[in-house]
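So the structure is just underneath, and the comments pick up after that.
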Amino acid sequence: MIRRFTNKYGVRIRRCCASCDARVITTKGTFRTCMLDNKEVASTDVCNSWQLRTGLEKAGSAQGRVKRKAYFNFLQEVRDREATARNLGLRIAAKSIEEIRDEFEIENNSFFINL
């Protein structure tokens, strides 16, 4: 059974070694070590001592500001349209994230949730 944690922004985070604060990745990036028991672990492993990794508590926010779900949906739609066009053989340049944000803000005023 996959266990998940939901942070205060509603982002569901899988409880596993990859999201644990106690994991350490070697400098060569070849394996993970758990600082708690000093054993090599897989990214999907989970133990009872799991602690949310620093930084993930703010996942879904932008410097403490939460982005609207509608913005993420809009961003995905833009990227999907670009991928479809490329699959059809059209040579198009991908829009920059700034262009997409500007376009969204023109239509929707802001991509942040007002808390």
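Provide the gained length on full extension for the span R81 to E40, in nm with one decimal, where the gain is 0.36 nm per separating residue minus the Cα-Cα distance.
Length gained, R81 through E40: 10.6 nm.
Please work out how much length the chain gains when fully extended from R91 to E57, using 0.36 nm per residue of separation minus the C-alpha to C-alpha distance, in nm with one decimal.
8.3 nm
Whose amide H sits under 5 Å from the amide H of R14, counting only residues 5 or more places off or on another chain, with H placed in the peptide plane?
F5
R0 = 35 Å: FRET efficiency of C47 with Y9, Cβ-based, nearest 0.05?
Plugging the Cβ-Cβ distance into 1/(1 + (r/R0)^6) gives 0.90.
None of the figures in this text is laboratory data; all of them are computed from the coordinates on show. Note that the structure is a prediction, hence the values are computed from the model and not measured. In this analysis, Cβ positions are derived from the backbone assuming ideal geometry, glycine residues included, and neighbour counts consider all displayed protein chains.
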